[in-house]
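As structure tokens, the structure follows; a few thoughts come after it.
Bear in mind these aren't lab numbers, they're just calculated from the coordinates by the rules spelled out. Values in this document were obtained by computation on a predicted structure and should not be read as measured data. When we count neighbours, we look across all protein chains shown, and the Cβ atoms used for this are built from the backbone with ideal geometry, even at glycine.
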Amino acid sequence: MKKTGVQIYLLSLCLASSPMAVHAEWQAVERVQTYSITGTSGAELYASIGERGPEAGGEVRAIAHTNFKLTWTRKYEPQGGACTLVSARPKLTITYTLPKPARHLPAAIRRHWETFIAGVRIHERVHGDFIKDMVKEIEAMSVGLSAPDDPSCRKIRVELTKRLSAISLAQRQRSRDFDRAELSEGGNIHQLILNLVNGQ
């Protein structure tokens with residue numbers, strides 16, 4: 001496959017986790033934003049992605065990007081000298097950034113593009129699901145967490161931070177592994193790129 005001069009790959013800052021059963025009633029807000037690309041052939045569109053895609057560090061550009069903003073409303077209660085986290089409600093916004101042709105495409109190319117972007121969208125939605133699962137895991141782990149001899153509810157915050165860090169590191173690795181598999185030779189995204197560039 002002809003290189004565009006910039007290595008292209010999907011980047012996701014998302015975290016992944018094993019699904020866990022929780023009784024929260026929150027819902028993530030999911031948004032899609034696009035960046036404009038040009039070209040009337042698959043090769044030109046892909047080259048434009050290499051020039052305009054989301055930055056992924058250095059001169060590397062991503063095809064698409066999934067990011068999120070997560071904040072928590074937590075309630076701590078001192079209980080007999082200990083401190084317990086009695087509730088933790090997340091506010092999660094997931095943003096998918098995808099390429100979009102600036103102009104109407106010829107019919108034959110449009111079919112190839114629609115197949116390509118549909119596959120990219122599915123890939124990024126998987127990352128979105130990973131994020132939601134991560135939040136559920138954090139929620140399940142944190143609600144009911146208690147620290148003894150902590151009437152000021154300071155020790156529990158330190159312990160919570162340690163646990164969140166461990167979850168974050170483990171799940172980032174899973175996310176990287178997912179992208180690596182999808183982009184490896186013969187992987188789903190790799191095949192989508194080849195089909196787009198070669199007009200298949």
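Here region 86-152 has an Rg and Dmax of 20.8, 70 Å, counting Cα atoms alone. In region 46-95, Cα pairs under 8 Å separated by at least six residues give a relative contact order of 29 percent. What the Cβ-Cβ distance of THR73 and SER165 gives, at R0 = 22 Å and to the nearest 0.05, is a FRET efficiency of 0.60. Placing a label point 7 Å from the Cα of ALA82 along the Cα-to-Cβ direction, the residues of region 129-145 whose backbone N falls under 13 Å from that point are 144-145. If a/c stays under 1.5 just call it rounded; otherwise compare a/b with b/c (prolate if a/b is bigger, oblate if not). Do that for region 45-88, with a ≥ b ≥ c from the square roots of the Cα gyration tensor eigenvalues. It comes out prolate by the Cα gyration axes.
The length gained by stretching the chain between LYS100 and ASN188 to full extension, at 0.36 nm per residue less their Cα-Cα distance, is 29.7 nm. Taken over region 8-198, the alpha-carbon convex hull comes to 123 cubic angstrom per residue. Normalised by the number of residues in the chain, the average gap of Cα pairs under 8 Å and 6 or more apart makes the relative contact order 32 percent.
For the set LYS91/LYS136; LYS132/LYS155; LYS75/LYS132, the pairs lying more than 23 angstrom apart at their alpha carbons are LYS132/LYS155. If you run the Gaussian network model on the chain, springs between alpha carbon atoms under 10 Å, then out of GLY39, GLY186, GLY119 the most flexible one is GLY186.
Inter-label distance, THR93 to GLU44: 3.6 nm, where each label sits 7 Å from its Cα along the C-beta direction.
Among VAL32, VAL135, the ranking by other beta carbons within 10 Å of each residue's beta carbon, starting with the fewest, stands as VAL32, VAL135.
Net charge of the neighbourhood of ARG154, taken over other residues with C-beta under 15 Å away and scored Lys/Arg +1, Asp/Glu -1, is 0.
What's the extension gain from TYR35 to VAL158 if we count 0.36 nm per residue and subtract their Cα-Cα distance?
Answer, rounded to one decimal: 40.3 nm.
Modelled label positions at THR115 and ARG52, each set 7 Å beyond Cα in the direction of Cβ, lie 2.3 nm from each other.
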